[in-house]
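Asker: Here it is: the structure, laid out below.
The values are calculated or read from the model by the stated rules, or taken from the named source; none is laboratory data. Note that the coordinates shown come from a computational prediction; the quantities given were computed from them, not determined experimentally. Don't worry about glycine lacking a Cβ; one is built from the backbone with ideal geometry, like all the others, and counts go over all protein chains shown. Heads up: the accessible areas ignore ligands, DNA and RNA and are worked out on the full protein's heavy atoms, side chains in. Shrake-Rupley method; radii C 1.70, N 1.55, O 1.52, S 1.80 Å.
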Amino acid sequence: RKLSTIPDPLAQDPMERSRMVSSRLAFLKHLILAIGSLGLCVCGTELALHVYQSWAECAVCRADKSACSPSWTVHHALKPEVHVTVVDPDLGTEVRWGTNSLGLRGPEIEVPKSPGTYRILCLGDDSTLAPETNQDETFCARLKELLPTNSSVTLEVINAGCPQTGPLLGFLSLRHRLFALAPDLVVFNFDMSNVAEDHRCRRSVRMNGNEPLYCPHPDLERQRTASEVFWVERLLLWQHAKRGVGHLLGAEDPTEDVRDIDAPQGAYAWQRDDAPDWSVYIDQTLEVLGQMASACHRANSEFVVAVIPSPWQISADASNGAGVRERAGLQERVLYKSRLPFDSLSAYCEKANILYCEPSPAFSGAEHPERLFRENVARFSASGHELYARVLERFLVANVVGPWRVNGTLRPEGRFSERDFSQPGPSPVRHADARSDAEPVSPAQFRR
């Protein structure tokens, strides 16, 4: 009797059965839509994180987000045969530049070098590359025009600048590819952010004792070991979630100190009047300069260190555009007078018998020194490139053996031949008095 009271589903009203099926299908549809929406949100967030990371990493190459590529030997390098268009941050005009087949800014370079050619190789970072400056206004191009040479000599000045390249990556570039150009003179243009740049890529460098061998880019290492990592660990969303949970639980503290060399805004902290103790990092960077000098002498190349001053070391009014000094962790409208960076470089070069050129006195003594730098980026303006080239030209003519012509005659000590470079060895130290060498700067003489 009790069993007979259980309703038979098949005996239910057809309309009721239809409503039940429709309700279950609707629930299933909403569940599928919810899971699909969640999946789309996760995929969209992951894609956005990849785009953001790609943009952040492309800050390594401010010239153009596609101009640099990761390298197994020198961390990153400019791509060969690329054409880049950027906007002048002050004037708003377009600036076009490109690389040759060797990944260096400028025209093609003849390899091997032709007889009767004197080749100068300029190493450095963004300040040397000068992506927002027209080719004929860069200090490399101006140096070639200014150097007085014998008419029978072909003078070449090669711009080997690459974004965020300090002495460490510059040395590796020389060893792995640039010595093949047979430079007669290597000029390393030391930017004040180079200590932090060297520190940030040093963790990727493979060493033989204290000598760097090569530096694979972390992205290439991650690609090589990707198959060994659980797929969830490869998701940027998972990685950011783990860091966020770590911050909430106090396991990790985000770096906020602008005096910290690892902080994004800490690259120029050692220029501050209350500079932190970076002695270990400074010594590591300076040691690479000594290794670079030794390698150049073994390759029968002269070596010079020239210092590119920062705008805030020259004038309180230089590079005060929106966010420029804030991104550098420095105060607006402040002149930083610390001599620590210059004194550290000068003392090491004197100890290591390295030719050292410091143009900062010429920049500080110029009329309207703020015009030597761009307003919206902390690099030289066209007039800054001009003055830097003039100071460097006078230093080289006075201190480096080369094909220099002075007052219409070729200096006897300036003749260069294979014999001049046949005995490698350290060069005597000669510090340029840039203030006395350089002519005063006026707005009429140099363009902003």
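Asker: Do we find that Arg202 is touching a Lys or Arg at 6+ places or on another chain (Cβ under 9 Å), of a type in the set (Lys, Arg) and in contact (Cβ under 8 Å) with a residue 40 or more places away in the chain in this structure?
Answerer: no
Asker: Kindly check whether there is at least one residue in segment 355-368 that is under 15 Å from Leu147 (Cβ atoms), of a type outside the set (Val, Ile, Thr) and at pLDDT below 95.
Answerer: no
Asker: Can you tell me how many residues within segment 181-209 are open to solvent by less than 40 Å² (accessible area, probe 1.4 Å), under 20 Å from His76 (Cα atoms) and not aliphatic (A, V, I, L, M)?
Answerer: Qualifying residue count for the region: 11.
Asker: Please tell me if Leu168 is more than 25 Å from Gln265 (Cα to Cα) and either under 20 Å from the mean Cα position of the chain (by Cα) or hydrophobic (A, V, I, L, M, F, W, C) (or both).
Answerer: When the stated conditions are applied, Leu168 does not pass them.
Asker: If the Cβ limit is 8 Å and pairs must be 6+ apart or interchain, which residue in segment 29-47 that is loosely packed, with under 11 Cβ neighbours inside 10 Å pairs with which residue that is of a type outside the set (Val, Ile, Thr)?
Answerer: none
Asker: Might you let me know whether segment 262-281 holds any residue that is β-branched (Val, Ile, Thr) and buried (at least 17 other Cβ atoms within 10 Å of the Cβ)?
Answerer: There is no residue in segment 262-281 that is β-branched (Val, Ile, Thr) and buried (at least 17 other Cβ atoms within 10 Å of the Cβ).
Asker: Working carefully through the options Ala366, Ala389, Ala306, Ala378, find the one that is closer than 22 Å to Pro163 by Cβ and assigned to a loop (DSSP other than H, G, I, E, B).
Answerer: Sole residue among the options that is closer than 22 Å to Pro163 by Cβ and assigned to a loop (DSSP other than H, G, I, E, B): Ala378.
Asker: While we're here: What do you reckon, is Leu345 farther than 23 Å from Asp136 by Cα and open to solvent by 50 Å² or more (accessible area, probe 1.4 Å)?
Answerer: no
Asker: Right, another one. Does Tyr268 meet the test of being more than 20 Å from Val187 (Cα to Cα), over 21 Å from the mean Cα position of the chain (by Cα) and of a type in the set (Phe, Trp, Tyr)?
Answerer: no
Asker: Just to be sure I understand the filter: pairs with C-beta atoms under 7 Å, separated by 6 or more residues or on different chains, first member in segment 351-369 and within 14 Å of Val187 (Cα to Cα), second member polar (S, T, N, Q) and crowded, with 19+ Cβ neighbours inside 10 Å. Which pairs pass?
Answerer: If the second residue must be polar (S, T, N, Q) and crowded, with 19+ Cβ neighbours inside 10 Å, the pairs left are Leu355/Asn399.
Asker: It is to be established whether one or more residues within segment 212-224 are open to solvent by 10 Å² or more (accessible area, probe 1.4 Å), within 28 Å of Ala263 (Cβ to Cβ) and not in a helix (DSSP H, G or I).
Answerer: Yes, segment 212-224 contains at least one residue that is open to solvent by 10 Å² or more (accessible area, probe 1.4 Å), within 28 Å of Ala263 (Cβ to Cβ) and not in a helix (DSSP H, G or I).
Asker: Anything in segment 378-396 that is under 17 Å from Met192 (Cβ atoms) and open to solvent by 10 Å² or more (accessible area, probe 1.4 Å)? List them, or say none.
Answerer: Listed by number, the residues that qualify are Ala378, Arg379.
Asker: Taking Cys201 as meeting all but one of (1) under 21 Å from Ile109 (Cα atoms); (2) within 14 Å of the chain's Cα centre (by Cα), write down the number of the exception.
Answerer: Here Cys201 clears every test but (1).
Asker: Mind checking which residues of segment 150-180 are open to solvent by less than 30 Å² (accessible area, probe 1.4 Å) and assigned to a helix (DSSP H, G or I)?
Answerer: Those that are open to solvent by less than 30 Å² (accessible area, probe 1.4 Å) and assigned to a helix (DSSP H, G or I): Pro167, Leu168, Leu169, Gly170, Phe171, Leu172, Ser173, Leu174, Leu178.
Asker: Can you tell me how many residues within segment 96-123 are closer than 27 Å to Val401 by Cα, open to solvent by less than 30 Å² (accessible area, probe 1.4 Å) and small (Gly, Ala, Ser)?
Answerer: 1
Asker: I've got another one for you. When you go through (1) in contact with a helix residue (DSSP H, G or I) (Cβ under 8 Å, 6 or more places away or on another chain); (2) in a helix (DSSP H, G or I); (3) open to solvent by less than 40 Å² (accessible area, probe 1.4 Å); (4) under 22 Å from Leu123 (Cβ atoms) one by one for Trp312, which number turns out not to apply?
Answerer: Evaluating Trp312 over (1) in contact with a helix residue (DSSP H, G or I) (Cβ under 8 Å, 6 or more places away or on another chain); (2) in a helix (DSSP H, G or I); (3) open to solvent by less than 40 Å² (accessible area, probe 1.4 Å); (4) under 22 Å from Leu123 (Cβ atoms) leaves (4) as the failure.
Quick grid of which residues meet (1) closer than 30 Å to Tyr118 by Cα; (2) more than 27 Å from the chain's Cα centre (by Cα); (3) modelled with pLDDT of 70 or more; (4) not aromatic (Phe, Trp, Tyr):
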{"site": "Ala180", "(1), (2), (3), (4)": "yes, no, yes, yes"}
{"site": "Glu211", "(1), (2), (3), (4)": "yes, no, yes, yes"}
{"site": "Gly244", "(1), (2), (3), (4)": "no, yes, yes, yes"}
{"site": "Leu249", "(1), (2), (3), (4)": "no, yes, no, yes"}
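Asker: May I pose another question? Just name the residue that is farthest from Asp184 (Cα to Cα) out of those in segment 96-121 that are in a loop (DSSP other than H, G, I, E, B) and in contact (Cβ under 8 Å) with a residue 60 or more places away in the chain.
Answerer: Among residues in segment 96-121 that are in a loop (DSSP other than H, G, I, E, B) and in contact (Cβ under 8 Å) with a residue 60 or more places away in the chain, the one farthest from Asp184 (Cα to Cα) is Leu102.
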